[in-house]
1. Nothing charged except the Cβ atoms of Lys and Arg (+1) and of Asp and Glu (-1): what's the magnitude of the dipole of region 2-44 about its Cα centre? Round to the nearest 20 debye.
2. Tally Lys and Arg at +1 and Asp and Glu at -1 over the other residues with C-beta under 15 Å from the C-beta of Gly163: what net charge comes out?
3. In the chain, with Lys and Arg counted as +1 and Asp and Glu as -1 at Cβ, which of these residues, Thr62, Ala228, Ala73, has the Cα nearest the positive end of the dipole, that is, farthest along it?
4. Step through the residues of region 189-206 one at a time and calculate ³J(HN,Hα) from phi using the Karplus curve (6.51 cos²θ - 1.76 cosθ + 1.60, θ = phi - 60°), rounding each to whole Hz and writing x for Gly and Pro.
5. Based on DSSP H runs of at least 4 residues, each adding -39500 (n - 2.57), what is the mean residue ellipticity at 222 nm of the chain after dividing by all its residues, to the nearest 500 deg cm²/dmol?
6. For a quick check, take a GNM of the chain with Cα springs below 10 Å and name the residue from Thr116, Thr62, Thr237 with the largest mean-square fluctuation.
7. Within 15 Å, Cβ to Cβ, of Asp13, how many net charges do the neighbouring residues add up to if Lys/Arg are +1 and Asp/Glu are -1?
8. Near the amide H of Gly66, under 5 Å away, which other amide H atoms are found, from residues 5 or more places off or on another chain, if H is placed in the peptide plane?
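The numbers here are math on the coordinates, done by the rules we state, and not lab data. This is a predicted model, so every value here is computed, not measured. Here Cβ is always computed from backbone atoms with ideal geometry, including for glycine, and neighbour counts include all displayed protein chains.
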Amino acid sequence: MLLENLAYPEVEDYLKEKDIILIPIGSVEQHSPYGLMGTDFIAAESIARSVGDSMGILVAPTLAYGVSPHHMAFKGTITLNPSTLIEVISDIVRSLITHEFKRIIFINGHGGNINTLKTTFQRLKAEKLPGYIDVISWYDSSAVRQICQDIFGDGEGRHATPGEVSITKYLRPSEFAAKASDEATLNKPKYYWPLSSVEMKTVFPDGRMESAPWLATEEFGGRIAAVAVAGLEKKLTEIMNLELVNASAG
Ligand SMILES: [Zn+2]
């Protein structure tokens, strides 16, 4: 169920039944020579839309861009400042609250967005905005971590992971014909966080962070996405059953 395909009377009808909406968010950032620049938003969008279809939940258009300054030494990365993202997220949430959506859930594909999203939610609640606002990263569940560990072991790593690359291979197999595929060295350097873009490229010269994306396959991607979707269905069921505070009463 995509918001972009509805007319406003259909949104009105939806709001008579449900008050939840999902917003996929990702990043446009390098994912090593093995992965797509759009990996994070492509994966988040696909998983959010699958859950939206299976649960009859509305999914808003994807916010492709995110906070990726540490990847800016690699060509093609497009980053938002955290302050920009705070304003964009705030405007999106305020718009949806105005229309009486009450559960606004960002389905996230990029770890670098999380601090900014949570800061934004705190700021919005400080404005006494009603409703439940949250971010769920599709990869951040014990079941997803377990299947990636079972398949890729130590090669899953932290960025340009074979897990996320597998999902994009599953979704867009034809885009991988010209990507790197050879096995390389699996490096596990010591480092601190955050890194500047220059530090990032010095520590991780080909853009991978402790990962072995050459292990990615379409088949693994289908399996990992299914586990992520099942986990999200469970979490969203809990969120839909959550009793919200009715602050206007009394
Ligand atoms: Zn990623």
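1. Value, rounded to 20: 160 debye.
2. Result for the neighbourhood of Gly163: -4.
3. My answer, from the dipole projection, is Ala73.
4. With coefficients 6.51, -1.76 and 1.60, one gets x, 7, 7, 10, 9, x, 10, 6, 4, 5, 4, 4, 6, 6, 6, 10, x, 9 Hz.
5. Mean residue ellipticity, 222 nm, calculated: -14000 deg cm²/dmol.
6. Thr237
7. Counting the neighbours of Asp13, the net charge comes to -3.
8. Val28, Leu80
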